[in-house]
1. If R₀ is 51 angstrom, what is the calculated FRET efficiency for the pair T268 and Q457, using the beta carbon separation as r and rounding to 0.05?
2. Lys/Arg Cβ at +1, Asp/Glu Cβ at -1, dipole of the chain taken about the Cα centre: which of Q457, P191, W62 is farthest positive-ward?
3. Can you give the FRET efficiency for D188 and E416, using 1/(1 + (r/R0)^6), R0 = 22 Å, r = Cβ-Cβ distance, to the nearest 0.05?
4. So if we plug the beta-carbon distance of E465 and K227 into 1/(1 + (r/R0)^6) with R0 = 45 Å, what FRET efficiency do we get, rounded to 0.05?
5. Got a number for the accessible area of D188? Probe 1.4 Å, square angstrom, nearest 10.
6. Under 27 Å between alpha carbons, and skipping anything fewer than 8 positions from K81 in its own chain: which lysines qualify?
7. How much accessible surface area, in Å² rounded to 10, belongs to the heavy atoms of L367 with a 1.4 Å probe?
8. Of the lysine pairs in the range 333-418, how many meet both conditions: Cα atoms under 20 Å apart, and a spacing of 8 or more in sequence or different chains?
Amino acid sequence: MRIGVRAPIVAKKRGNSRGAKGRRKVDFVTDRQTSDNASIAVPHRAKQVDEGDEGTKIIRSWAESSVWTERMLTTLEQGVKGGKWFSLIDKVYRAENIAKAAKHVLRKKTGAGVDNITKAKYEAHLSEYNAQLANQLKSDTYRPLPIKRSYIAKPGSREKRPLGIPCLRDRIAQQALRQVIEPIFEIDFSPHSYGFRPQRSCKDALREAQGWLEQDCQVVVDADLRKFFDTIDHGKMLALIEQKISDGRVLKLISQFLQQEIMEDLKTWQPTEGTPQGAVISPLLANIFLDPLDHLLQHQGFHSVRYADDFVILCQNDEEADSALEVVRAWCAEAALTLHPDKTHIVDMRLKGSWFDFLGYRFKRTLKKGNMIRVPSDKAQGKLRQSLRPLVKRTSGISLEQIIEKINPKLRGWFEYFKHSYIGVMKDIDGWVRMRLRSILRKRRKGKGRGRGADHQRWPNAYFEERGLFVLEIARAQAVQSLWSNH
């Protein structure tokens, strides 16, 4: 029995009585509590890719029509002869596929790469640039330019995350390639993988995790792969791709993207492992690399839920959790990956006060009553406050209405993701936002410090609501009311 709430990785002998009974059906999840303190029910989950004919219908709904003809889709469903796909490069450089890829890339907010070609410039010469790219891919003269590397802050950590910025031409080439090869792998991906996959989302993954928790799988392996995107083995990656694709030029193109030079501080170097975060093709490659682990866990009866490199395994008892962790560690060793020793834990959610974070949410067993609730993680709450602080400085010189207009989109976006949370957190965030706004008004009256005391009577909560402030607590109450109305 666990004596602590969060146990670090410990090498233990594998048990024989895991108690796993295979995958149970989880059609939907609702919360047992119905008071204002309850979490809002998470909506019904999306259909899984492996659910028979329904899965192939889903692929048909998003597969690029300029590539995936009815004949190809039928072949995909029935299984290609020999299990491998040939002659794909002509579909990559097809003009219509390049045009669709460019449209997909250019509709997103993006910066220029090392060639300094901005989105506006590319759009101004769209036909010309697309034709050049298609000709280069067709004539086998295409060579990706170096990726511009920058670093972004890692919330809750002193570390910084490397971010690769390919030039627009290379992003479009990667998107064109992805549109061709993604269905080939997607059709066989595990249903327990949700990250960066068509018609799947974080909420689908959260929903499945919640479902297993409610079905008494409350000993959780909370796993973290250390520097996953930076340490993917190129040889192993290509070997996995070659299991399904035999077009030598497509394999060469993927290899070029894996070995794409990186420019950092005006110096260039070629990586020997990893795939750049920020590259269009990287999420698909990551799923290809981790899919064998998904299937291994599923085959052995474990209930895993994965979103990109973030995953949890929900078990019925300690022995099963130890066994699952041992399986993951052995697989990681073979795949040349490393579990983070400080961030990988076994958590017994049957104990009061226990918790684990997954995809921004904290699943928590309360100390007082022992209820299971969901709240935004400390990191998620800190990230919101960090994004709002520059907009609610006490020295702000713009009107209160303008400040509210700037912060409302951030509050709405945050609420849309975290509205399935315990209501107390919403009250805390609302109180913090109003405190910052009162501090601004207090300073304008020549006062010092934070808004407090009489400021609450001078500027009551209704004062800010009348000026259009988006209030999380009110929005959540409305969401609960709408939920009950629909039922």
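The values are calculated or read from the model by the stated rules, or taken from the named source; none is laboratory data. All values derive from a computational prediction rather than experimental measurement. Note that we place each Cβ from the backbone using ideal geometry, even for glycine, and neighbour counts take in every protein chain shown. Just the protein is used for accessible areas: all its heavy atoms, side chains included, with ligands, DNA and RNA removed. Shrake-Rupley method; radii C 1.70, N 1.55, O 1.52, S 1.80 Å.
1. Numbers: r = 62 Å, r/R0 = 1.22.
That gives a FRET efficiency of 0.25.
2. Value computed over the given set: Q457.
3. That gives a FRET efficiency of 0.10.
4. Values: r = 45 Å, r/R0 = 1.01.
With R0 = 45 Å, the Cβ-Cβ based efficiency is 0.50.
5. Only protein atoms counted, so the area is about 80 Å².
6. K57, K91, K138, K236, K244, K252
7. 140
8. 14
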